[in-house]
Amino acid sequence: RWSLPMAMSITHRGTGVALSLGVSLFSLAALLLPESFPHYLAQVRALSLGPALILSAKFFLALPLSYHTWNGIRHLV
């Protein structure tokens, strides 16, 4: 049977792996892509994405980090 602590542990491990992969891919891209970060940031801004989409993207990027951090603190306590 699934229990809440088991589901939280699995989710904690999953967010840890996802965050690790995300940081690794971002670092690898920073090393290998020919242009600097401001160039790619300007390209994203040129897409003229709506504020709702940008807010949603920020939320879905911050959610795993927040969950992993608070769950890690909960585990330590």
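The values are calculated or read from the model by the stated rules, or taken from the named source; none is laboratory data. The structure displayed is predicted, hence computed values, not measured ones. Cβ placement follows ideal geometry from the backbone for every residue including glycine, while neighbour counts extend to all protein chains displayed. For accessibility, only protein heavy atoms count, side chains too; no ligands or nucleic acids. Shrake-Rupley method; radii C 1.70, N 1.55, O 1.52, S 1.80 Å.
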**Message:** Accessible area of the chain with a 1.4 Å probe: how many percent of it is carbon plus sulfur?
**Reply:** 74 percent
**Theoretical gain in end-to-end length, residue 33 to residue 65 [0.36 nm per residue, Cα-Cα removed]** = 9.0 nm
**Request:** Return one quarter of the surface area of the convex hull spanned by the alpha-carbon atoms of segment 4-76, equal to its mean projected area, in nm².
**Result:** 6.4 nm²
**Prompt:** How many Å² of accessible area per residue for the chain, probe 1.4 Å?
**Reply:** 87 Å²
**Prompt:** How far, in degrees from 0 to 90, does helix 4-32 lean away from the longest principal axis of the Cα atoms of the chain, to the nearest 10?
**Reply:** 20 degrees
**Message:** If I take R0 = 30 Å and measure r between the Cβ atoms of residue 23 and residue 46 in this structure, what FRET efficiency does the formula 1/(1 + (r/R0)^6) give, to the nearest 0.05?
**Reply:** 0.70
**Complete:** For 4, 65, the accessible-area ranking with a 1.4 Å probe, largest leading, is 4, 65
